[in-house]
Amino acid sequence: MPAYSYEVTAHSAAPPEKVFALLSDALTWPQWAKPIVGHASWFSEGNPPPGGVGAVRKVGRWPQYGYEQVVASEPPTHHAYTMVKGQPVKDYQADVYLTPDGDGTKITWGASFDPKIQGTGRLLVAFYRRLIGSFARKLAAYAEGT
């Protein structure tokens, strides 16, 4: 089991179907995750295409890109991925759960991982909690406005 983990939450007034559609489509990431994500594309499309299990999305900003492989796609409640390359971690497994919450959606986004460089785990937890927390909030807000 990976030694480090984090979890963040956000709330969107949009329904889970709308939030899931944005989260699971790599091509929408630059719209809602900017300025950190300036580019996102499908490196491979998975089954069913695009974005099904096995898909790999390339996401980030030049010169730093992460490659994430979709390992679960259960619309509209669960999206999971692993980090293939591009980050200083190994065994990175992320799960995003979208739960109906009143008229909207509770977004719970968490991951576990091991750092590639010993001694950096707590720093990476703080980094990912801040980064992914901002992604969850931006996704929530964008889903409300579209």
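The values are calculated or read from the model by the stated rules, or taken from the named source; none is laboratory data. Model, not experiment: these values are computed from the prediction. Cβ coordinates were reconstructed from backbone atoms using ideal geometry, including for glycine residues, and neighbour counts include every protein chain displayed.
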Practice task
Could you look through region 75-102, keep only residues that are among the hydrophobic types (A, V, I, L, M, F, W, C) and buried (at least 16 other Cβ atoms within 10 Å of the Cβ), and pick out the one that is nearest to Asp114 (Cα to Cα)?
Solution key: Val89
Exercise for the section: Could you tell me whether region 115-124 includes any residue that is surrounded by fewer than 18 Cβ atoms within 10 Å (Cβ to Cβ), more than 14 Å from the chain's Cα centre (by Cα), at pLDDT below 95 and of a type in the set (Ser, Thr, Tyr)? Expected result: no
Exercise for the section: Could you give me the residue pairs with C-beta distances under 6 Å whose first residue belongs to region 58-84 and is over 18 Å from Gly110 (Cα atoms), whose second residue is part of a loop (DSSP other than H, G, I, E, B) wherever it lies, and which are 6+ apart or on separate chains? Expected result: Arg61/Gly38; Tyr65/Gly86
Exercise for the section: Run Ala143 past the list (1) in a helix (DSSP H, G or I); (2) touching a Lys or Arg at 6+ places or on another chain (Cβ under 8 Å); (3) of a type outside the set (S, T, N, Q); (4) more than 19 Å from Pro35 (Cβ to Cβ) and report the number of the one that doesn't hold. Expected result: (4)
